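The values are calculated or read from the model by the stated rules, or taken from the named source; none is laboratory data. Worth saying up front: this structure is predicted, and the values here are computed from it rather than measured. All Cβ positions, even for glycine, are placed from backbone atoms using ideal geometry, and neighbour counts span all protein chains on display.
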Amino acid sequence: MKPTTKLLKSGLFLFLLTVICFSCKPINNTQIEQVKPAKELTKEAKILARTIEAHGGEKYNTAHYEFVFRSKTYTFKNDNSSYIYSANFTKDGNTTIDVLTNDKLTRTVNGETVELSPKQISGYTGSLNSVIYFATLPHKLQDPAVNLKYAGTQTIKDKIYDVLEITFEEEGGGSDHDDEFHYWVNQKTNLIDYLAYNYRVGKGGVRFRSAYNPRNVDGIHFQDYVNYKAELGTPLAELPKLFEAGALKKLSVIESEKIRRLK
């Protein structure tokens, strides 16, 4: 027997309803995450990313190097967010080795572990951290405790620079978290040619550094610095003009020697 027109319409309606139900299946959370647009990086974050890439990029994540600075031998070994830093030096016939990890600092003298006071731990940690920090710039500028701000452009010796202003959170920023830094990033090379900082440890001070002797050691960019002093309270943004005018006092040179990559 032929189906009636009413039955045909009813069957067609049920078919269409089934198709619609299947096509309107809910999207799971994974699918939602996949279609979300990527978060736009800020101007300062883009500049920092280019700078890190120019200085070594992803090679920093697993970098393992040794160098000599002021008669002490330093090493740093990165394993993404984990690290091991060391300083080795001999004085008066005694060999001292400081080893700093994410968790603690230990000191041995002639192979024997030395018990340290909290003040000593803080001092030795700060000293070791500082040397590695400057030697591996700008790698540590991507740490969570870093506050990054774009501070415009400046011209130094006829070259144009993007200026990055760096401050630190108290938590995770170390004992000198209230220091303020400026970094001058060459717009053509993306390298840090100059840096300055205002520190408050002790009586405080203002320093300006000019990079020289750039070299690439197995994919990582290293450079030395001439270290200058400015009057206490001098705004960091004014230091380039004072530098060009010869109004800054030369204090020292910051040289890393005998740099080599370790296995």
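Comparison of Leu128, Leu195 shows that the only residue that is outside any loop (DSSP other than H, G, I, E, B), in contact with a strand residue (DSSP E or B) (Cβ under 7 Å, 6 or more places away or on another chain), under 18 Å from Asn227 (Cβ atoms) and without any contact (Cβ under 8 Å) to a residue 60 or more places away in the chain is Leu195.
So, of the residues in region 116-147 that are hydrophobic (A, V, I, L, M, F, W, C), over 24 Å from Tyr212 (Cα atoms) and at pLDDT below 95, which turns out to be surrounded by the most Cβ atoms within 10 Å (Cβ to Cβ)? Result: Val146.
Report yes if some residue within region 160-183 is part of a loop (DSSP other than H, G, I, E, B), of a type in the set (S, T, N, Q), under 20 Å from Asp224 (Cβ atoms) and more than 14 Å from the chain's Cα centre (by Cα); otherwise report no. Taking every residue of region 160-183 in turn, none turns out to be part of a loop (DSSP other than H, G, I, E, B), of a type in the set (S, T, N, Q), under 20 Å from Asp224 (Cβ atoms) and more than 14 Å from the chain's Cα centre (by Cα).
Across region 229-253, the number of residues qualifying as touching a helix residue (DSSP H, G or I) at 6+ places or on another chain (Cβ under 7 Å) and not small (Gly, Ala, Ser) comes to 1. Among residues that are farther than 27 Å from Glu58 by Cα and free of Cβ contacts under 8 Å to residues at least 12 places away in the same chain, Asp158 is included. Condition check for Thr234 on (1) in contact (Cβ under 8 Å) with a residue 12 or more places away in the chain; (2) among the polar types (S, T, N, Q); (3) surrounded by fewer than 17 Cβ atoms within 10 Å (Cβ to Cβ): one failure, at (3). Taking region 74-115 as the range and being charged (D, E, K, R) and either surrounded by fewer than 16 Cβ atoms within 10 Å (Cβ to Cβ) or in contact with a Pro (Cβ under 6 Å, 6 or more places away or on another chain) (or both) as the test, the residues that pass are Asp79, Lys91, Asp92, Asp103, Lys104, Glu112, Glu115. Number of residues in region 47-104 that are over 21 Å from the mean Cα position of the chain (by Cα) and assigned to a strand (DSSP E or B) equals 12. Screening region 233-253 for residues that are part of a loop (DSSP other than H, G, I, E, B) and modelled with pLDDT of 95 or more and picking the one that is farthest from Gly205 (Cα to Cα) gives Ala245. Being under 30 Å from Glu66 (Cβ atoms), in contact with a helix residue (DSSP H, G or I) (Cβ under 8 Å, 6 or more places away or on another chain) and at pLDDT below 95 holds for only one residue in Ser175, Ser256, Ser210, and it is Ser175.
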